[in-house]
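Enquirer: Can you keep this structure in mind? I'll have questions shortly.
The values are calculated or read from the model by the stated rules, or taken from the named source; none is laboratory data. All figures in this text were calculated on a predicted structure; none of them were measured in a lab. Methodologically, a virtual Cβ is constructed for each residue, glycine included, from the backbone with ideal geometry; neighbour enumeration extends over all protein chains shown. Each accessible area value is taken on the protein alone, full model and side chains, heavy atoms only, with ligands, DNA and RNA left out. Shrake-Rupley method; radii C 1.70, N 1.55, O 1.52, S 1.80 Å.
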Amino acid sequence: MAAMAMTIRNSASRRTMTSGPISGLRSMSSWWKNVEPAPKDPILGVTEAFLADPSPEKVNVGVGAYRDDNGKPVVLECVREAERRIAGTSFMEYLPMGGSVKMVDETLKLAYGNNSEFIKDKRIAAVQSLSGTGACRLFADFQKRFRPGSEIYIPVPTWSNHHNIWRDAQVPQKTYHYYHPETKGLDFSGLMDDVKNAPEGSFFLLHACAHNPTGVDPTEEQWREISQLFKAKNHFAFFDMAYQGFASGDPKRDAKSIRIFLEDGHHIGISQSYAKNMGLYGQRVGCLSVLCEDEKQAVTVKSQLQQLARPMYSNPPLHGAQIVSTILGDPQLKGLWLKEVKTMADRIIGMRTTLRESLEKLGSPLSWEHVTKQIGMFCYSGLTPEQVDRLTSEYHIYMTRNGRISMAGVTTGNVGYLANAIHEVTKSS
């Protein structure tokens, strides 16, 4: 009887012990019940809808990635050759927090110039970043930590992720005029008024070239006027340069806005990316640089940028940095890259001309001059959200609802179909 009683007590004890964790699991399941689904990214959502469409006529001009004239992704030959040279030659060790020194050095030459006095004097604090997005986010956190009362002025419109980046870094945002809907060009007077009226010492986000999403850039003379006004107001210019070389086909020309600000004595920040101009979208390789007073300050600023990167991602990836440094560090491969990036730029420029000519031949009553005046991957078409919806529902053509057309998705095979569809949805405008 005593043995039986002991068995019953042990069994009851086991039931009591197991009931605790089970009830705990039930309570754990309610930890995230207040989490709502995140809104779909307006750009990535376009691709999802395109892929789900079974129509054989479907066209995707929403994707922000280069395609050849057959609509296929491209890996540059200079990248393939760099990968062949890299294969099996190094260990897979961590990079330093600041990334590949060789890659950063070569990247600074692209932005500041091969013979830059700032590079020679070691006045630039620079670190490898997770492409352009990572460079912007790292700078936003740097701004928040060391200029905690400051705001960031962002153009209207801009790449949608810019707002996300500075928001999540908890930097207050203001906007400035940029695009003029009626002229489909630059609202230069509105821009200058906003720069003039901003408090002295404000931070401004500038697109160095091929403004996303509009494709509208200031002229060289307008950049000079902007620079002079920034100097008078003691504003800080942070340049996002995602398309160097990819806009005009000439990396030096595409960096002209930055060179103007440097000539005028500004201390600036720059985000650089190799997603577009080398096709290294998935490698996430870029650079953040900040021009400082002297070498001592540059060392200090770099140490803080690295400190910010440490809890974010510890250190940047190796492979993409090796590709970039191999290409830019070898005269033959760099020459091949310059040729290939010009080929990509020229194809997009050519498609702009063909699209405009096709619309004009259809007898469109609207002006399409802006299609060829704008530059870079994107054309800000002027299409309304309702017209974009019609393009999708009636013609299976996919783009963001702001009317942004990715010219990289336009080919000789679909440009006529695209032009006809645009003509049909706009001819009653």
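Enquirer: If the viscosity is 1.002 mPa s and the temperature 20 °C, what translational diffusion coefficient in µm²/s does Stokes-Einstein give for region 138-253 when Rh comes from Kirkwood over Cα pairs?
Expert: 146 µm²/s
Enquirer: Moving to a separate point now. Amide H to amide H, which residues 5 or more places from His266 or on other chains are under 5 Å from it, using H placed in the peptide plane?
Expert: So His266 has HN proximity to no qualifying residue.
Enquirer: Calculate what fraction, in whole %, of the accessible area of the chain sits on carbon and sulfur atoms when a 1.4 Å probe is rolled over the protein chains. Please report the intermediate quantities before stating the final value.
Expert: Working: 11240 of 20840 Å².
Summing carbon and sulfur atoms, their accessible area is 54 percent of the total for the chain.
Enquirer: Let me ask another. Compute the orientation-averaged projected area for region 271-425 from the convex hull of its Cα atoms and round it to one decimal in nm².
Expert: Values: hull surface 52.4 nm².
Across all orientations, region 271-425 yields a mean hull projection of 13.1 nm².
Enquirer: Moving on. Pick out, in residue order, every one of the GluC sites (Glu not before Pro) in region 140-205 that is DSSP loop and has at most 14 other C-beta atoms within 10 Å; say none if there are none.
Expert: Working: sites: Glu151, Glu182, Glu200; in loops: Glu151, Glu182, Glu200.
Here the sparse-neighbourhood loop sites are Glu182, Glu200.
Enquirer: Need one number for the chain: average projected area of the convex hull over its C-alpha atoms, nm².
Expert: Details: hull surface 119.2 nm².
Over every viewing direction, the Cα hull of the chain projects on average to 29.8 nm².
Enquirer: Which value at 222 nm does the chain reach when only helices count, each DSSP H run of 4 or more adding -39,500 (n - 2.57), with the total divided by all residues and rounded to the nearest 500 deg cm²/dmol? Walk me through the numbers before you get to the answer.
Expert: Details: 17 runs with 211 residues, N = 429.
-15500 deg cm²/dmol, from helical runs alone.
Enquirer: As I understand it, the value is the acute angle between the Cα axis of helix 101-112 and the longest principal axis of the Cα atoms of the chain; what does it come to in degrees, rounded to 10?
Expert: Approximately 30 degrees, to the nearest ten.
Enquirer: If you don't mind, there's one more thing I want to ask. In a Gaussian network model over the chain where Cα atoms closer than 10 Å are linked, find which of Arg80, Arg401, Arg123 has the largest mean-square fluctuation.
Expert: Maximum fluctuation in the GNM of the chain, among the listed residues, is at Arg80.
Enquirer: Relative to the present Cα-Cα distance, how much length would full extension add between Tyr417 and Glu360 at 0.36 nm per residue of separation?
Expert: Values: separation 57, 0.36 × 57 = 20.52 nm, distance 1.39 nm.
So the extension gain works out to 19.1 nm.
Enquirer: Same structure again: Within region 260-416, how many Lys pairs that are eight or more residues apart, or on different chains, come under 30 Å at the alpha-carbon?
Expert: Lysine pair count for region 260-416: 12.
Enquirer: What residues qualify as long-range amide H neighbours of Gly62, i.e. H under 5 Å apart, gap of 5 or more or another chain, H built at 1.01 Å from N?
Expert: Amide H neighbours of Gly62: Ser406.
Enquirer: Using 0.36 nm per residue of separation minus the Cα-Cα distance, give me the extension gain between Asp121 and Leu338 in nm, one decimal. Don't skip to the answer; put the middle values down first.
Expert: Working: separation 217, 0.36 × 217 = 78.12 nm, distance 2.74 nm.
Going from the current span to full extension adds 75.4 nm.
Enquirer: Something else now. Within the chain, what percent of beta bridges assigned by DSSP are antiparallel, to the nearest 5? All intermediate terms of the calculation are to be shown ahead of the outcome.
Expert: Details: 16 of 34 bridges.
The antiparallel fraction comes to roughly 45 percent.
Enquirer: Tell me, what is the FRET efficiency for Trp31 and Arg310 to the nearest 0.05, using R0 = 22 angstrom and their Cβ-Cβ distance as r?
Expert: Values: r = 28 Å, r/R0 = 1.29.
Calculated value: 0.20.
Enquirer: Here's a follow-up. Using alpha carbons only, how many degrees (0 to 90, rounded to 10) separate the axis of helix 385-395 from the longest principal axis of the chain?
Expert: Taking Cα atoms only, the helix is inclined about 80 degrees.
Enquirer: Could you provide, to the nearest whole Å², the per residue accessible area of the chain with probe 1.4 Å?
Expert: Working: 20840 Å² over 429 residues.
On a per-residue basis, the chain sits at 49 Å².
Enquirer: Using DSSP loop states and a limit of at most 12 other Cβ atoms within 10 Å to flag chymotrypsin sites (Phe, Trp or Tyr not before Pro), what is the longest stretch of the chain containing no flagged site?
Expert: Values: sites that count: Trp31, Trp32, Phe91, Tyr94.
With a cap of 12 other Cβ atoms within 10 Å, the longest stretch comes to 95-429.
Enquirer: Between Ala208 and residues 5 or more places away or on another chain, which pairs have amide H atoms under 5 Å apart, with H built 1.01 Å from N, and which residues are they?
Expert: Asp240, Met241, Ala242
Enquirer: Can you compute log10 of I(q)/I(0) for region 183-301 with the Debye formula, treating each Cα as one identical point scatterer, at q = 0.11, 0.14, 0.18 Å⁻¹?
Expert: -0.39, -0.63, -1.01
Enquirer: What is the extension gain from Asn164 to Asn70, computed as 0.36 nm multiplied by their sequence separation minus the C-alpha to C-alpha distance, in nm to one decimal? Each step should come with its number before you reach the end.
Expert: Working: separation 94, 0.36 × 94 = 33.84 nm, distance 3.37 nm.
The span from Asn164 to Asn70 would gain 30.5 nm if fully extended.
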